[in-house]
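The values are calculated or read from the model by the stated rules, or taken from the named source; none is laboratory data. It should be emphasised that the depicted structure is a prediction, and the values quoted were computed from it without experimental measurement. Positions of Cβ are generated from backbone atoms using ideal geometry, with glycine treated the same way; all protein chains shown enter the neighbour counts. To get the accessible areas, we keep the full protein, side chains included, count just its heavy atoms, and leave off ligands, DNA and RNA. Shrake-Rupley method; radii C 1.70, N 1.55, O 1.52, S 1.80 Å.
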Amino acid sequence: MTKPSAPRRHLPTSPFAAPVVPVAKEFSLGDRVSHDQYGLGTIVGVEEGIAMLVDFGARQVRVLSPYTRMDRL
């Protein structure tokens, strides 16, 4: 089974609720964060609205928006 190339459209006449798009969290350079997979880190780079470069000590990881698994401390 393959994944569809485009997300499904929600029709206004549909009896089902429209899918909820998560709101991107706001972070800035130097913020201390906690990530569900990588642990504690510091934001060292910002790509506005696209991704954050986070230093977790052992490695640096580029975390993509909407940052659902990351919280500011």
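Structure data summary
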{"item": "Separation of the ASP71 and SER34 label points, Cα + 7 Å toward Cβ, nm", "result": "0.5 nm"}
{"item": "Inter-probe distance in nm under a simple model that places probes 7 Å from Cα toward Cβ, at VAL46 and THR2", "result": "4.0 nm"}
{"item": "Rounded percent of accessible protein surface that carbon and sulfur make up, the chain, 1.4 Å probe", "result": "56 percent"}
{"item": "Mean accessible surface per residue for segment 2-53, computed with a 1.4 Å probe while every protein chain stays in place, in Å²", "result": "83 Å²"}
{"item": "With at most 16 neighbouring Cβ atoms within 10 Å, loop chymotrypsin sites (Phe, Trp or Tyr not before Pro) (DSSP) excluded, longest segment of the chain", "result": "17-55"}
{"item": "Stokes-Einstein D in µm²/s, Kirkwood radius over Cα pairs - segment 1-67 at 4 °C with 1.567 mPa s viscosity", "result": "90 µm²/s"}
{"item": "J(HN,Hα) series, segment 54-68, from Karplus relation 6.51 cos²θ - 1.76 cosθ + 1.60, nearest Hz, glycine and proline x", "result": "10, 8, 9, x, 6, 7, 10, 10, 8, 9, 7, 5, x, 6, 5"}
{"item": "Projected label distance in nm at HIS10 and PHE56, using a 7 Å step from Cα toward the beta-carbon", "result": "3.2 nm"}
